[in-house]
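Working notes, structure below.
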Amino acid sequence: MPETLLKVSDLHGWYGESHILHGMNFEVRKGELVTLLGRNGAGKTTTLKAIMGLLRQRKGSVAFDGTETISMAPHRIARLGVALCPEERGIFSALTVRENLHLPPVLREGGMTDAEIDRLFPRLRERWGNSGAKLSGGEQQMLAIARILRTGATLVLLDEPTEGLAPVIVQQIRDALLELKRRGLTVLLVEQNFRFASTVADRHYVVEHGQVVDQMTSDEIAANTERLEAFLGV
Amino acid sequence: MMELIGIPPQALFGQLMLGLINGSFYAMLSLGLAVIFGLLNVINFAHGAQYMLGAFAAWMLLNYLGIPYWGALVIAPILVAATGLVIERVFLRRLHDLDHLYGLLLTFGLALIFEGVMRSQYGSAGMPYGNPLPGGVNLGFMYLPWYRGWIIAASLVICLATWFVIERTKLGAYLRAATERPEIVQSFGIDVPRMITLTYAFGVGLAALAGVLAAPAYQVSPNMGSNLIIVVFAVVVIGGMGSIMGAIVTGFGLGVIEGLTKVFYPEASNTVIFVIMALVLMVRPAGLFGTAK
Amino acid sequence: MSAPTMSTSMTPALSAPAKLAVAAVVAALLVAAPFGFYPVLLMKVMCFALFACAFNLLPGYAGLLSFGHAMFFGGASYICAHTIKEMGFPPEAGILAGTAFAAALGLVAGALAIRRQGIYFAMVTLALAQMFYFFCLQAPFTNGEDGIQGVERGTLLGLVDLSDDLTLYYVVAVIFVAGVALIHRIVHSPFGQVLRAIRENEPRAISLGYSVNRYKLVAFVLSAALAGLAGSTKVLVFQLASLTDVYWTMSGEVVLMTIVGGMGTILGPAVGAAVIVMMQNYLASFGEWVLVIQGCIFVLVVSVFRRGIVGEIKAAAERRRARREG
């Protein structure tokens, strides 16, 4: 069994006065693709932010590759090899596709080269010189993922990559994620679309009210679609 | 050369040059304000006082340590920038999550402190600072003193160099990205808080550098900053804060307009910039080069 | 707008009996004070207190920080002084003239400034005030550096001789109380509630159909007018109008008084004014260090004591009440 890359224990988190995370417990092993499933407001995005260090008020334990990161600043966590692809995607409209892609510094070895990224995301190559503002949602998502792959990050936190995207684009995202798995990257995925999640992920944690309430395999997901539909409101 | 509407060319070009010099300072100071505002979202009211401190640092370096102008040009901005580093780290950082008007108020308080301390030590009258480049050249249509030419040339270089770093280098790209989405840039592994501190220090250093340039031209006095900064605010409102090049162009441009006003309608010369501000507000509230908000 | 607005520190209003108690204490103080302090100093405090309370309408309740209120305060003082001295107006007419001028100037300045928000609004007001300062500097009727001196206090409504300090004190006290009462009325009226709604969430107020800019403009004019009232009254006290009152440092001082006393409260600015004026009076021998001290107070209050004196007291009382009930 591969070793644990990320272990989250009793993670609590607050936005100001609001207590969002009430003790999250889960782990992700090297090379796995694990999903956090849950309704809006369950605390999935907040969990990713907490892991990345962007949630200032947090308590508990987040161990990445053996290192405790609960009190670290986000840029230090990034340098350990954690990368976040947020829901808003964060593509800078003032920069071209190429500039966006090359913006994050290459922090560690093992990142993808430009050639490899071209092969993985041919659509982006066509848009090389375009301003970031002119990309479609799907293209922005691919650019956001590609951007991280250059840096050599080993754990990728993906927040709702398929939200608002057409099915044909969702397929391309799926292919990209499977390619990441093939290359040995570890991915923690946040999704509401559990059907999509079950086609890429190994395991799924169900999150409610800032806590992990259940763990399921993809087969169990397939067997429980109706219940999940009702629960997740999708 | 021809005489324009009965005004001798000497007077016209002389005033134009003075206008360009004023414009140099407007440009440098509004550039510093724009850089600080872009990343910190704080209006650095202390900017005028820091400009004054730069001039005083040059004066003190000369009169207490015997360091002449060319040394002061390098040392004074570094000294004052260091104080800026402390200010950001100790005071401004804790206000970061609050309404940005608190930053304005804090820097206003700092301006009062700086000005009060200098005024209590050195009085309100100005002190002279020797001209390091005496003499000049007669160009026919006007006489160009070397030092004045130096001010204009130096400030152009400084402004364009700053523009280049911000708009054309990787460091500038990080700065601009952090202005838009600081969290994402942090998640790239870049120490954004430190970048913010250094950016503030840079803006302050820029103001101090302008102060050193000003010392031989105007007198060194504790009041030199506060009168200037309010005009610079008007310049910034006119130009809009969104664009670095906009700040530079507006600064130089308004200086020239002010100079021309002095030739044709002298009574209005100290209010013309404010009048333009009022007009711009009515016609294009975001400023000439500004982006909305 | 993700950052909280300036007056999120505003603590809830006092209960009715508490308010009456405060009013009674203030009334008692006002009546008794001239027997312990110099009436002229007290009148100075009251004029600045009214100025600060008037100023506070904007940042405290409408979310607009004006950095140019000196133009209303000082501008009104010039008009009042000029009408009394050069045009022979009686004191009440002079005060009215000054107040009206301030209101008109507020209308013009407000219309321009409200086109921007937040920090830009502050800078625009500062620049407009500076423009006004230069105008006053050059206009012949202000006498430039000398100012308008030797303004007669005259006889109020033909009945009350104001040349006596004590008599004038009570008149000023009445003006002050009336002004503050008016401000209180404005704040707690439906108009005031709309203002606060605008401050808390402007987009929502717009979507509810309120013409937000008109409300802001009215608040601006009211604030300017009452600041003008304070400035005109000050002319009667000191019998002079000078450039100091239109200079940007005056705008900064009223901001200082307001934040020291408490921005989101009715009486906070008055308390702040008392503190600052008294401090300036007793530290006058320190010269320029007063400026430094004011700067330090600014820095301290903005960094640590954002609620101001009255704000902190209210918050402490609120905590005690919550503890008792909880």
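Derivation of every value follows stated rules applied to the coordinates shown; laboratory data play no part. Quantities reported herein were computed from a predicted structural model and do not represent experimental measurements. Cβ sites come from the backbone with ideal geometry, for glycine too, and all protein chains shown count toward neighbours.
Numbers for the structure displayed
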quantity: Full-extension gain in nm, residue C:313 to residue C:157, via 0.36 nm per residue minus C-alpha separation; calculated: 52.1 nm
quantity: FRET efficiency for residue A:134 and residue B:283, using Cβ-Cβ distance with R0 set to 45 Å, rounded to 0.05; calculated: 0.90
quantity: Length released on extending from residue B:64 to residue B:139, taking residue separation times 0.36 nm less the Cα-Cα span; calculated: 23.2 nm
quantity: Cα-based reach from residue C:234 at 19 Å (exclusive), listing aspartates and glutamates while leaving out same-chain residues under 8 positions away; calculated: C:86, C:92, C:145, C:146, C:152, C:161, C:164, C:165, C:245, C:253
quantity: Partner aspartates and glutamates for residue A:7 [C-alpha distance under 17 Å; skip if fewer than 8 residues away on the same chain]; calculated: A:27, A:32, A:65, A:68, A:202, A:214
quantity: Spatial extent of chain B: Rg and Dmax, with the Cα atoms as the point set, Å; calculated: 19.3, 64
quantity: Shape parameters for the protein assembly as shown, alpha-carbon atoms, Rg then Dmax in Å; calculated: 31.1, 100
quantity: Counted charge near residue C:273, where neighbours are those whose Cβ lies closer than 10 Å (Asp, Glu -1; Lys, Arg +1); calculated: 0
quantity: Qualifying GluC sites (Glu not before Pro) in segment A:106-199, DSSP loop, other Cβ atoms within 10 Å at most 10; calculated: A:109
quantity: Inter-site label distance for residue C:27 and residue B:171 at 7 Å from Cα along Cβ, in nm; calculated: 6.7
quantity: Dipole magnitude of segment C:113-166 about its Cα centre (Cβ charges: Lys, Arg +1; Asp, Glu -1), debye to nearest 20; calculated: 620
quantity: Distance (nanometres) between label positions extended 7 Å along Cα→Cβ at residue C:281 and residue C:193; calculated: 4.0
quantity: Greater than 27 Å apart at Cα, pairs in A:30/A:59; C:19/C:44; A:49/C:314; A:59/A:181; A:49/A:181; calculated: A:49/C:314; A:59/A:181
quantity: Computed over chain C, Kirkwood Rh from alpha-carbon pairs, angstrom; calculated: 20.1
quantity: Reach of residue B:262 by Cα under 19 Å, taken over aspartates and glutamates that are not fewer than 8 positions away in the same chain; calculated: B:3
quantity: Sorted by Cβ density within 10 Å, fewest first, the residues C:133, C:38, B:147, B:64; calculated: B:64, C:38, B:147, C:133
quantity: Neighbour-count order for C:148, C:95, fewest beta carbons within 10 angstrom listed first; calculated: C:148, C:95
quantity: Förster-model FRET efficiency, 25 Å R0, residue B:86 and residue A:76, C-beta, rounded to 0.05; calculated: 0.60
quantity: Charge dipole magnitude, Cβ of K and R +1, D and E -1 - segment B:9-283, Cα centre, debye nearest 20; calculated: 320
quantity: Summed residue charge, Cβ within 11 Å of residue C:210's Cβ, Lys/Arg positive, Asp/Glu negative; calculated: +2
